[in-house]
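Below is one structure, written out as structure tokens; the observations come after it.
Read-outs: derived from the displayed coordinates by stated rules, not from any lab. The structure presented is a predicted model; accordingly, all values stated were derived computationally and were not measured. Neighbour counts are summed over all protein chains in view; Cβ atoms, including those assigned to glycine, are modelled from backbone coordinates with ideal geometry.
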Amino acid sequence: MTQDEIIESLDSFFADGLVVEFESVVKSGKEATVVCCRAGHSLGGGMVAAKVYRPLENRNFHNDAMYLGGRTRVMTRRDRLAFNKRTRHGMDVRFRSWIDSEYQTLAMLHEAGSDVPRPLARSARALLMEFIGGQDGPAPMLSAMRLERDDSERILRALMRNVALWLRHHVVHGDLSPYNILLRGQTATVIDFPQAVDARMNPNARGLLDRDLENLCGYFARQGVSADPRHLARELWSRYRDGGL
Ligand SMILES: Nc1ncnc2c1ncn2[C@@H]1O[C@H](COP(=O)(O)OP(=O)(O)O)[C@@H](O)[C@H]1O
Ligand SMILES: [Mg+2]
């Protein structure tokens, strides 16, 4: 995406005064470009992050049926029918459903006290959220960090509390990895939720939980802290099923 296309995608945020200035591109990934902007007065005037999703034609939006279980249940009948067809309207509905899904998941989990960015607004093309970083730029991804043993243990415990909190709200991230965790000071913040699934409706939720914890524990094993992802997943899942989370 060119800078002009990105700024155009932020039109409605500018129009509503939520954003007053484009600052810089944080990261251009295969599925989205994240940019840093200056917020308007109503949002306090600091920095905010805007995630601009790549148009569907140019990307492969985790477009995997694995993530879709239950997604269409909350749609209108017209949108649900369109979703399942490859018409222009259907593709638009599909595109919007990823943005809506990420926005709603972040809103719910942030409200519940989880370490995720606070979502601020959404548009047809983009999601506006709290900027995870400081004066000198965005917080680094956990994948780029080597941690001390004490920090590793503490951060892994905090992340496991988050995974449990999400599951208590029926959410499995589905793409958890050290690339989707930002370390700001001592706090790990988890990002990138468009593919998150609802454990009540999606039959792949349990398998995705296993995979999420394998990715997480794999990183921490490399930092010298071992944890058994299978055991953790089994325990979490049974507490979830018993209503004990
Ligand atoms: N709220 C945020 N604050 C600061 N940086 C962010 C924020 N959200 C995303 N980023 C940066 O942008 C990158 C891509 O965002 P992400 O949501 O993971 O999208 P994707 O991986 O689908 O491209 C992240 O790895 C992170 O470096
Ligand atoms: Mg990501």
**OP:** Collect residues whose amide H, placed 1.01 Å from N in the peptide plane, falls under 5 Å from the amide H of LEU120; neighbours closer than 5 in sequence don't count.
**Re:** LEU128, MET129, GLU130
Original post:
For region 216-235 and region 122-186, what is the separation of their Cα centres, given in Å?
Top reply: 16 Å
Subject >> Net charge, LYS51 excluded, C-beta distance under 12 Å - Lys, Arg +1, Asp, Glu -1 >> reply: 0
**OP:** For region 15-56, state which trypsin sites (Lys or Arg not before Pro) are in a DSSP loop and have at most 12 other beta carbons lying within 10 Å of their beta carbon.
**Re:** LYS30
**OP:** Take every Cα-Cα distance within region 127-245, group them into 10 Å bins from 0 onward, and report for each bin the whole-number percent of pairs it holds.
**Re:** 13, 45, 32, 9, 0
Original post:
Which net charge results when you count Lys and Arg as +1 and Asp and Glu as -1 among the other residues whose beta-carbon is under 12 Å from that of ARG184?
Top reply: -3
Subject >> Cβ-derived FRET efficiency at R0 35 Å, LYS27 paired with THR76, nearest 0.05 >> reply: 0.55
**OP:** Return the loop-located GluC sites (Glu not before Pro) in region 124-221 (DSSP other than H, G, I, E, B) with at most 12 other Cβ atoms within 10 Å of their own Cβ; answer none if there are none.
**Re:** GLU148
**OP:** Please find the FRET efficiency linking ASP242 to ALA158, where r is the Cβ-Cβ separation and R0 is fixed at 30 Å, and quote it to the nearest 0.05.
**Re:** 0.80
Original post:
How much FRET efficiency would the formula 1/(1 + (r/R0)^6) give for SER42 and THR2, where r is the Cβ-Cβ distance and R0 is 30 Å, rounded to 0.05?
Top reply: 0.60
**OP:** Select from the chain the helices, each a whole stretch of DSSP H, whose alpha-carbon atoms run 20 Å or more along the helix axis and whose Kyte-Doolittle mean is at least 0.0; answer none if there are none.
**Re:** none
Subject >> region 193-245: trypsin sites (Lys or Arg not before Pro) in DSSP loop, at most 11 other beta carbons within 10 Å >> reply: ARG200
Original post:
Rounded, prolate or oblate: which fits the chain, taking a ≥ b ≥ c as square roots of the Cα gyration tensor eigenvalues, rounded meaning a/c under 1.5, else prolate when a/b beats b/c?
Top reply: oblate
Subject >> Chain lengthening between GLU235 and VAL20 when straightened (0.36 nm per residue, less Cα-Cα) >> reply: 72.7 nm
Original post:
Taking only C-alpha pairs under 8 Å that are 6+ residues apart, what is the relative contact order of the chain in percent?
Top reply: 16 percent
Original post:
With the chain treated as a Gaussian network of Cα nodes joined by springs under 10 Å, which of VAL116, VAL52, VAL93 yields the largest mean-square fluctuation?
Top reply: VAL93
